[in-house]
Amino acid sequence: MAPEVITVGDGRVMVNGPEDEFPGWDAVDWRAVEEDVRRLRRRIFAATRAGDLKKVRNLQKLMLRSRANALLSVRRVTEVNAGRKTAGVDGQVVVTDQHKAELADWVQHRAAPWSPRPVKRVYVPKSNGRRRPLGIPVIADRCLQALAVNALEPEWEARFEPKSYGFRPGRGCHDAIVAIHTTASRRDAKRVWVLDADLAAAFDHLNHDHILRSLGTFPARELVRQWLTAGVVEAGRFTPTPEGAPQGGVISPLIMNVALHGMEAAAGVRYYVSGTRAGKTMNGCPVVVRYADDLIALCHSREQAEQVKTQLAEWLAPRGLVFNEAKTRITSLDQGVDFLGFNIRRYPNGKLLTKPSDDAVRRIRGRLSIEVRALRGANADAVIAKLNPIIVGWTAYYRIGVSKRLFNALDADAWKLVYKWARFRHPNKSRHWVRARYFGAFHPSRQDTWIFGSRVTGFYLRKFAWTPIVRHRMVAGGSSADDPDLATYWAQRRRRIRPHLGVTTLLLQAQHGRCPICRGRLLHADREPQSPQEWEQWLTTTRTATRKRTLIAWGAGTPDERVATRLIHTHCHRRTLGDGTWAALPPARKPTRLA
């Protein structure tokens, strides 16, 4: 961010308006802002589908200078994203409401002369023990990238192929897994050979020229080029980036999807375009399921799988990409294949089962053991606070598979770990004393007397098996959340999705998923977490960003006033009146759905 060129007005005004002064952050009607951006995204989608490129470009220019888009982009970067407190090379973060308003004003009105800054190189551990390099842009670049995403994404949502599920609104890992299961689950399924392919360092080797050609006359094309070539700073040393996109930028996943668009057609996938089978894959064609740079091709024979691999290798070359031969293989579903943490295998009885992979199970067992061992000097509350997000996050991701038996086995492992922890903490106490101190029927609605918990606070350790198995319903065909003709479909789909938050879900339903103070969304779950680690982080962040608070309902001050427990944003919680109380609020509506 460039604070020396950022100023803000004092007026409280309408959300949209190019010339008037900028409103205070707490004066923004976030529901109206979200609706403005959603409406404009749908117009871009409709114009793209109609083939009116001139209208598309005009609408994209409107989106890039939209006040609602500037506000929503800054909010996404500074309040919603997990890395909102991570600084780039300039060391700056934005945490106060005043600075957020100033940044939004700068993004809308004063960002034209901005030149993108290099990204900061950081490393995060991978499941295989290696480290994944990430590039963290400065806060100003992240906001501008979010601004550009809302202009570019709906255009490509109208073009993307049906079985592309990675980093797209309303789509995710579970859709990809169910797509594979649906294709090969019948006992007489024909596509039983699998090309399990992985691209070697895909983000690091994307060809810039190909990406820019794909963007065509997109109004922010030059800004995208500057982001791609901004360079990397690691340990104080600058390195240019003649290829690749920083894995960590807001716009990078969209750039990856743009670069890989057309993969299904290159592999020979064809769809029926009319009749009762419209949208279905033609007989004899392979089925390619892609999640970002991970893909699986379901083929009729080994020869077809090898042919698909050859065709895709030729198609990937102009994009600067190649297969990672160490991780790419051709196998039969009878042998099973691991994809996105799941193992998909056809068993001798003809059934196709989707389970957590052996590697995933090994990782969660190791993680639990390491965490409990590290907490040997802590109290029970610390152990529970550390393990509960891990357990709930892992089960939230794997609840769509055949996981119940495994959940019970993991509960046995977790019980042994916490029992050993208790015995280690109290080596001179008897087993009966340890059981009476740490184990009991802590859950109010379960008869289990061996639940690990704290007698002081009443907190208890959740069990894997408490999470019910849910059969995920795959997103229909090429449906896009930006399609105005499918607004009803996506509204119904959102109602069916229940956040994995326990009793808090009831409050969310009662409030239509909105904060009663600012009317903004309590959970920004347009894109569900896509891994156990993301679920764990999301659950922890959600509990930090929201809190329960007793509010005086409508009719305060009268003899029949009612007290209601509401769920509100933490930052709204801090905006109390001078005496620490809240203004009167309308009563919660009947629980019907999430907004």
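Name the single residue that is modelled with the lowest pLDDT among those in region 111-147 being open to solvent by 60 Å² or more (accessible area, probe 1.4 Å) and not in a loop (DSSP other than H, G, I, E, B).
125
Return yes or no: is residue 401 within 29 Å of residue 177 (Cα to Cα) and not in a loop (DSSP other than H, G, I, E, B)?
Spelling it out, it is not the case that residue 401 is within 29 Å of residue 177 (Cα to Cα) and not in a loop (DSSP other than H, G, I, E, B).
Could we say that residue 86 is within 21 Å of residue 248 (Cα to Cα), buried (at least 22 other Cβ atoms within 10 Å of the Cβ) and at pLDDT 85 or above here?
no
Which residues, taken from region 154-163, are out of contact with any Phe, Trp or Tyr (no Cβ under 7 Å at 6 or more places or on another chain) and crowded, with 24+ Cβ neighbours inside 10 Å?
Answer for region 154-163, where residues must be out of contact with any Phe, Trp or Tyr (no Cβ under 7 Å at 6 or more places or on another chain) and crowded, with 24+ Cβ neighbours inside 10 Å: 155, 163.
Looking at 399, 367, can you tell me which residue is closer than 28 Å to residue 335 by Cα, under 33 Å from the mean Cα position of the chain (by Cα) and open to solvent by less than 40 Å² (accessible area, probe 1.4 Å)?
Sole residue among the options that is closer than 28 Å to residue 335 by Cα, under 33 Å from the mean Cα position of the chain (by Cα) and open to solvent by less than 40 Å² (accessible area, probe 1.4 Å): 399.
Those residues that are over 19 Å from residue 382 (Cβ atoms), among the small types (Gly, Ala, Ser) and within 39 Å of the chain's Cα centre (by Cα), I need them from region 412-431; list them, please.
412 - this is the single residue of region 412-431 that is over 19 Å from residue 382 (Cβ atoms), among the small types (Gly, Ala, Ser) and within 39 Å of the chain's Cα centre (by Cα).
Out of region 404-446, which residues are closer than 30 Å to residue 178 by Cβ and of a type outside the set (D, E, K, R)?
Scanning region 404-446 gives 406, 407, 408, 409, 410, 412, 414.
Within region 404-432, can you find the residues that are among the charged types (D, E, K, R) and assigned to a helix (DSSP H, G or I)?
404, 405, 411, 413, 416, 420, 423, 425, 431
For residue 290, indicate whether it is over 15 Å from residue 332 (Cβ atoms), basic (Lys, Arg) and open to solvent by less than 70 Å² (accessible area, probe 1.4 Å).
So residue 290 fits the description; yes.
In region 202-227, what residues are open to solvent by 50 Å² or more (accessible area, probe 1.4 Å) and free of Cβ contacts under 8 Å to residues at least 40 places away in the same chain?
209, 213, 221, 222, 225
What single numbered condition from (1) assigned to a loop (DSSP other than H, G, I, E, B); (2) open to solvent by 80 Å² or more (accessible area, probe 1.4 Å) fails to hold for residue 378?
(2)
If you take the residues of region 471-487 that are open to solvent by less than 40 Å² (accessible area, probe 1.4 Å) and touching a Gly at 6+ places or on another chain (Cβ under 7 Å), which of them is farthest from residue 395 (Cα to Cα)?
481
Take residue 170 and tell me if it is open to solvent by 10 Å² or more (accessible area, probe 1.4 Å), at pLDDT below 95 and touching a Phe, Trp or Tyr at 6+ places or on another chain (Cβ under 7 Å).
yes
Here is a yes/no grid of residues against (1) modelled with pLDDT under 90; (2) on the phi > 0 side of the Ramachandran plot; (3) assigned to a loop (DSSP other than H, G, I, E, B):
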residue: 434; (1), (2), (3): no, no, no
residue: 478; (1), (2), (3): yes, no, yes
residue: 481; (1), (2), (3): no, no, yes
residue: 507; (1), (2), (3): yes, no, no
residue: 512; (1), (2), (3): yes, yes, yes
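Kindly indicate the residue of region 451-470 that is of a type in the set (A, V, I, L, M, F, W, C) and farther than 16 Å from residue 434 by Cβ and also least open to solvent (accessible area, probe 1.4 Å) among those meeting that condition.
Once the filter is applied, the top-ranked residue is 464.
Restricting region 255-283 to residues that are more than 21 Å from the chain's Cα centre (by Cα) and polar (S, T, N, Q), which is least open to solvent (accessible area, probe 1.4 Å)?
Only one residue tops the list, namely 281.
Find the residue count for region 284-319, including only residues that are in contact with a helix residue (DSSP H, G or I) (Cβ under 7 Å, 6 or more places away or on another chain), assigned to a helix (DSSP H, G or I) and either among the aromatic types (Phe, Trp, Tyr) or free of Cβ contacts under 8 Å to residues at least 12 places away in the same chain (or both).
Going through region 284-319 one residue at a time, the tally reaches 1.
Name the residues in region 46-70 that are open to solvent by less than 10 Å² (accessible area, probe 1.4 Å) and either in contact with a strand residue (DSSP E or B) (Cβ under 7 Å, 6 or more places away or on another chain) or among the small types (Gly, Ala, Ser) (or both), would you?
Correct list: 47, 68, 70.
Any idea which residue in region 436-445 is nearest to residue 390 (Cα to Cα), counting only those that are open to solvent by 60 Å² or more (accessible area, probe 1.4 Å) and either touching a Cys at 6+ places or on another chain (Cβ under 8 Å) or at pLDDT 90 or above (or both)?
Out of the qualifying residues, it is 441.
When both residues are 6+ apart or on different chains and their Cβ atoms are under 6 Å apart, which pairs have a first residue that lies in region 423-449 and is without any contact (Cβ under 8 Å) to a residue 12 or more places away in the chain, and a second that is surrounded by 14 or more Cβ atoms within 10 Å (Cβ to Cβ) and of a type in the set (Ser, Thr, Tyr)?
none
Taking the conditions exactly as written (open to solvent by 30 Å² or more (accessible area, probe 1.4 Å), of a type in the set (D, E, K, R) and at pLDDT below 95), does residue 187 satisfy them or not?
Spelling it out, residue 187 is indeed open to solvent by 30 Å² or more (accessible area, probe 1.4 Å), of a type in the set (D, E, K, R) and at pLDDT below 95.
With the condition kept exactly as written, say whether any residue in region 244-254 is of a type in the set (Ser, Thr, Tyr) and buried (at least 21 other Cβ atoms within 10 Å of the Cβ).
Looking through region 244-254, at least one residue is of a type in the set (Ser, Thr, Tyr) and buried (at least 21 other Cβ atoms within 10 Å of the Cβ).
Considering 452, 464, which residue is of a type in the set (Phe, Trp, Tyr) and under 14 Å from residue 383 (Cβ atoms)?
Sole residue among the options that is of a type in the set (Phe, Trp, Tyr) and under 14 Å from residue 383 (Cβ atoms): 452.
Just the residues that are in contact (Cβ under 8 Å) with a residue 40 or more places away in the chain, more than 13 Å from residue 184 (Cα to Cα) and assigned to a strand (DSSP E or B), please, taken from region 325-355.
Within region 325-355, 329, 330, 331, 338, 339, 342, 355 meet the criteria.
The values are calculated or read from the model by the stated rules, or taken from the named source; none is laboratory data. Note that the structure is a prediction, hence the values are computed from the model and not measured. Counting neighbours? That spans all protein chains shown, and the Cβs are built from the backbone with ideal geometry, glycine included. Calculation scope for accessible area: heavy atoms of the full protein, side chains included, ligands and nucleic acids excluded. Shrake-Rupley method; radii C 1.70, N 1.55, O 1.52, S 1.80 Å.
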